[in-house]
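Undergrad: Below is a structure I'd like to ask you about.
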Amino acid sequence: MSTGVIKKVAGPLVIAEGMRDANMFDVVRVSRQRLIGEIIEMHGDEASIQVYEETSGLGPGEPVESMEVPMSVELGPGLITSIYDGIQRPLDDIMKISGNNLKRGVEVPSLKRNLKWEFVPTMQAGDAVEPGDVIGTVQETVLVQQKIMVPYGVSGTVKEIRGGTFTVEETVAVVETENGEKELTLMQRWPVRQGRPYKKKLPPEMPLVTGQRVIDTFFPIAKGGVAAVPGPFGSGKTVIQHQLAKWAEADIVVYIGCGERGNEMTDVLNEFPELKDPKTGQPLMQRTVLIANTSDMPVAAREASIYTGITIAEYFRDMGYSVALMADSTSRWAEALREMSGRLEEMPGEEGYPAYLGSRLAQFYERAGHVISLGKEGREGALSVIGAVSPPGGDTSEPVSQATLRIVKVFWGLDSELAYKRHFPAINWLNSYSLYLDDMEKWFNAEVAPDWMEGRQKMMSLLQEEAELEEIVKMVGMDALSPGDRLKMEAARSIREDFLHQNSFHEIDTYTSLKKQYMMMRLVNAFYEKSRDALEKGAPLNRLISMPVREQIGRFKYVTEDALDESYAKVEEELAAQIAEALRKGER
């Protein structure tokens, strides 16, 4: 092992000399306290080390030892329901050793070594295997069955394989390869900075259904897509991420609290174990991995937490699962990059962020995707990434937001004005967008309704026209508008209040199926179109905008799934009758 001594300490950056045999990105143990760090720069025999723990009290002359392996995570049974820190140390095991205050230099294995897992082989001796092939399964939780895969770089013939209960370190199979025998365990390691390989990436043609109307109807994200949620303090970033974790069509959720305030992460840690998975009734934690890395933990560990999280997510994607990864928030990670860059005395880019900020963000987001995994059966898995961005003061012209927007295809712009009006989700429909719409138009029109996109477009046009009319109203008042324009304003209000406003704490309104979203869209559009026709035929505007049926349209969001068709027919009937009544009044 390569050992050296500390030459200089500058916050989370430690410079060690005598490290000639070490390599870039090696994991190192720093000082007698054995703090964990990673080499991020080499100059001759001097290594610049990013230390993932508090460095106060360290001084020159203390030993530094390279472990001669890159920063890696352990992948295997025991990941689900776990709560890790940024470098994949289980917080419950650290607590047993150091109590409530995290001690430095604690070494605990990521996967529990004493737990036994029931391994069911799906191969037998004599079978040929290649990387990614499933040799057996382990039922990890009620909801998740882990597929034990042949590690990357191993191919040959199964010499022996046995079922039974094993710990993650015990051998379950032996593969005869060209280079001799290779023993396989339930666990494999993978370097976090390297994306896991796959056979083929598929185009983003299918939506990740979330049950949130403003997202699914207006700005959908594809399965395997990437989205950014920038917004100022208090605009509901965390609530949106919780809603997506709960309701999105994902088998596995990986939630990374990356440098957020401690109380937000505490909320997640308290809430997630108690939340019921709506589809199965089991606790949500039964399909969740949490990485808790709060703002009072060392800055450098934020970067590790992002990579640790996405590597775990890729592992489950390779099994053929649909995985949703929430990163809350990438701004804090960028701040960690900025601090390390400053300590390394690199030339700063815009606002002090390093010049490579954009490429680091791109490397992270491009690991998402809908893929066909390695292995003979070619499983189809998807990894969708939703990153929250916390721009100071909600100003999205700052470098992190801009670099993120150049990469992601979906932008859900949160608006503090909407949040102050208690309009949640506070996604601003005028400046948000989804670039997946064209790719997914075919899917929506085929799977939901042939006029889905047409209905969406009508609603979008009304909202945009409302924004233009509002400018006029501010200057000259509502009375200056023509009856047709006033009807547009009313119809847009109906879209905002009845369709886009969604109560995440209401048992029915918290999730809306695509069928129900389509029916709501049809009703809101029908109100406008039929009223407009009636207005042209002489119906009085006041009668049209005060029709009692409007309340029924507004309350349609609270209709249960089993009563949809009946309620829809009733409201449609009522609308036609009341429009006809208004016309009769106009003719008198």
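Undergrad: Do you know the relative contact order of the chain, to the nearest whole percent, from alpha carbon pairs under 8 angstrom that are 6+ apart?
TA: Details: 1221 pairs, mean separation 74.8, N = 588.
Reported as a whole number, the value is 13 percent.
Undergrad: For the pair Gln33 and Glu130, how long in nm is the line joining their label points, each one 7 Å along Cα→Cβ?
TA: 5.0
Undergrad: Per q in 0.05, 0.09, 0.11 Å⁻¹, report the Debye log10 I(q)/I(0) for the chain, using one uniform scatterer on each alpha carbon and no solvent.
TA: Rounded to two decimals, the profile gives -0.27, -0.77, -1.06.
Undergrad: Next up: If every alpha-carbon in the stretch 156-218 counts as one equal scatterer, what log10 I(q)/I(0) does Debye give at q = 0.15, 0.16 1/Å?
TA: Here the Debye-derived log intensity ratios amount to -0.75, -0.78.
Undergrad: Please work out how much length the chain gains when fully extended from Thr157 to Asp451, using 0.36 nm per residue of separation minus the C-alpha to C-alpha distance, in nm with one decimal. Intermediate values should be presented prior to the final figure.
TA: On the way: separation 294, 0.36 × 294 = 105.84 nm, distance 5.33 nm.
Extra length from Thr157 to Asp451 when fully extended: 100.5 nm.
Undergrad: For the peptides 19-29, 47-57, what is the packing order when you average, over each peptide's residues, the other Cβ atoms within 10 Å and list the highest mean first? Write down the numbers at each step before the final one.
TA: On the way: 19-29: 18.5, 47-57: 21.4.
Ranking, from highest mean packing down: 47-57, 19-29.
Undergrad: Provide the descending list of Cα extents for the stretch 452-571 along its principal axes, expressed in whole angstroms.
TA: For the stretch 452-571, the Cα extents along the three principal axes come out at 45, 28, 25 Å.
Undergrad: By average Cβ neighbour count within 10 Å, what is the ranking of 540-546, 319-325, 514-520 from highest down?
TA: The packing order, highest mean first, is 319-325, 514-520, 540-546.
Undergrad: If each residue of separation counts as 0.36 nm, what is the full-extension length gain between Glu68 and Lys585 once their alpha-carbon separation is subtracted?
TA: Net length gain for the segment: 177.6 nm.
Undergrad: If you don't mind, another one. May I have the extent of the alpha carbons of the stretch 224-289 along their three principal axes, as whole Å values ordered from largest to smallest?
TA: 34, 28, 17
Undergrad: Further, regarding this structure: Binning at 5 angstrom from zero up to the longest distance, how are the C-alpha pair distances of the stretch 243-335 distributed in percent?
TA: The calculated distribution, bin by bin, is 3, 15, 24, 23, 19, 11, 4, 1.
Undergrad: Take Tyr558 and Ser98, extend 7 Å from each Cα along the Cα→Cβ direction, and tell me the distance between the two endpoints in nm.
TA: Here the modelled spin labels are 5.0 nm apart.
Undergrad: How far is helix 301-318 tilted off the main Cα axis of the chain, in degrees rounded to 10, range 0 to 90?
TA: Compared with the principal axis, the helix lies near 80 degrees.
Undergrad: With a point put 7 Å past each Cα toward its Cβ, work out how far Met24 is from Leu91 in nm, to one decimal.
TA: 3.4
Undergrad: Taking the Cβ-Cβ separation of Asn270 and Ser482 as r and a Förster radius of 51 Å, what is the calculated FRET efficiency to the nearest 0.05?
TA: E between Asn270 and Ser482, to the nearest 0.05, is 0.40.
Undergrad: Out of the GluC sites (Glu not before Pro) in the stretch 433-522, which ones are loop residues according to DSSP with at most 16 other C-beta atoms within 10 Å? Display every interim value, and only then the final one.
TA: On the way: sites: Glu441, Glu447, Glu454, Glu465, Glu466, Glu468, Glu470, Glu471, Glu490, Glu497, Glu507; in loops: Glu507.
Listed in order of number, the matching sites are Glu507.
Undergrad: Using the 2.2 N^0.38 Å rule of thumb for compact globular proteins, work out how the stretch 216-374 stacks up: its C-alpha Rg over that value, please.
TA: Details: Rg = 16.3 Å, N = 159, 2.2 N^0.38 = 15.1 Å.
Relative to the rule-of-thumb radius for its length, the stretch 216-374 sits at 1.08.
Undergrad: After finding the eigenvalues of the alpha carbon gyration tensor for the stretch 68-225, what semi-axes result from the square roots of 5 times each, listed largest first in whole Å?
TA: Calculated on Cα positions only, the semi-axes equal 30, 26, 16 Å.
Undergrad: Within the stretch 313-420, which trypsin sites (Lys or Arg not before Pro) sit in a loop by DSSP and count at most 12 neighbouring Cβ atoms inside 10 Å?
TA: Lys376
Undergrad: Note the angle between two axes, namely the Cα long axis of helix 437-447 and the longest principal axis of the Cα atoms of the chain, as a number of degrees from 0 to 90, rounded to the nearest 10.
TA: 70
Undergrad: Where both residues lie in the chain, what percent of DSSP beta bridges are antiparallel, nearest 5?
TA: Of all bridge pairs located within the chain, approximately 70 percent are antiparallel.
Undergrad: Continuing with this model, one more query. Rounding to the nearest 10 and keeping the result within 0 to 90°, find how far the Cα-based axis of helix 262-271 lies from the longest principal axis of the chain.
TA: With both axes taken from Cα atoms, the answer is about 80 degrees.
No lab work stands behind these numbers, since they all come straight from the coordinates. Quantities reported herein were computed from a predicted structural model and do not represent experimental measurements. Using ideal geometry, Cβ is built from the backbone for each residue, glycine included, and neighbour counts are taken over all protein chains shown.
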